[in-house]
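Below is one structure, written out as structure tokens; comments come after it.
The values are calculated or read from the model by the stated rules, or taken from the named source; none is laboratory data. It should be emphasised that the depicted structure is a prediction, and the values quoted were computed from it without experimental measurement. Heads up, the Cβs are rebuilt from the backbone with ideal geometry, glycines too, and the neighbour counts pull from every protein chain shown. Protein only, heavy atoms only, side chains kept; ligands, DNA and RNA dropped before computing areas. Shrake-Rupley method; radii C 1.70, N 1.55, O 1.52, S 1.80 Å.
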Amino acid sequence: MEEYNPGDEVAFNADEVNISIKECVEGVIGGTDYNQNKVNQWTASIVEHSLTHLVKQGRPFKYIVNCAIMQKSGAGLHTANSCYWDTTTDGSCTARWENRTMYCVVSVFAVAVML
């Protein structure tokens, strides 16, 4: 991901964030099977890693990161998000990751901070 330089145009890049989030998820739970006893630890770690990575970019945003992990059992999983904000600067993305035993859905919301 590109590092932000003051004076650059402020706009949320959902494609870059999506790739970054999937890398964070893969780093935390890639190659593991679903384990109910570790889900709380995994979700906390995914959120922390994702947020740390976003903040390190130094871009003028406040971030909200949400993570859900669900065991694959044939049940449906539906999520929806809605925001009321300035679409020219603020943005969101939802990254979906899965392996043979679980789904992971991470949503990131970014609100520009104008100083």
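The E26 and V113 beta-carbon pair, evaluated with R₀ = 35 Å, returns a calculated FRET efficiency of approximately 0.75. Under the convention that each Lys and Arg Cβ holds +1 and each Asp and Glu Cβ holds -1, the size of the dipole of the chain around its Cα centre is about 540 debye. Under 5 Å from the amide H of D90 lie the amide H atoms of A112, each residue being 5 or more positions distant or on a separate chain, with H modelled from the backbone and absent for Pro and chain starts. Think of a 1.4 Å ball rolled over the protein heavy atoms: the chain then has 64 Å² of accessible area per residue. Extension gain, S73 to A44: 0.36 nm times the residue separation minus the Cα-Cα distance gives 8.2 nm. Mean-square fluctuations from a GNM of the chain, with a 10 angstrom spring cutoff on Cα atoms, peak among T94, T52, T79 at T79. For region 49-115, chymotrypsin sites (Phe, Trp or Tyr not before Pro) are listed when DSSP marks them as loop and at most 14 other Cβ atoms sit within 10 Å of their Cβ; the list is Y84, W85.
Compute the signed sum of charges (Lys and Arg +1, Asp and Glu -1) over the other residues within less than 9 Å, Cβ to Cβ, of Y103. Before the final figure, lay out each step's value.
On the way: positive: K72, R96; negative: E98.
Summing Lys/Arg as +1 and Asp/Glu as -1 gives +1.
Springs between alpha-carbon atoms under 10 Å, Gaussian network over the chain: tell me which of I21, I46, I64 tops the mean-square fluctuations. Between I21, I46, I64, it is I64 that shows the largest mean-square fluctuation.
Label sites at N66 and T101, each approximated as a point 7 angstrom past Cα along Cα to Cβ, lie 2.7 nm apart. With the alpha-carbon atoms of the chain aligned to their principal axes, the span from lowest to highest coordinate is 47, 26, 20 Å, starting with the largest. In the chain, the longest principal axis of the Cα atoms and the axis of helix 39-56 are about 20 degrees apart. Computed from label points 7 Å out along Cα-Cβ, the spacing between D86 and V55 is 2.3 nm. Element breakdown for the chain at a 1.4 angstrom probe: carbon and sulfur atoms account for 47% of the accessible area. Here is how the number arises for the chain: DSSP H runs of 4 or more residues each give -39500 (n - 2.57), the sum is divided by the residue count, and the result at 222 nm is -10000 deg cm²/dmol.
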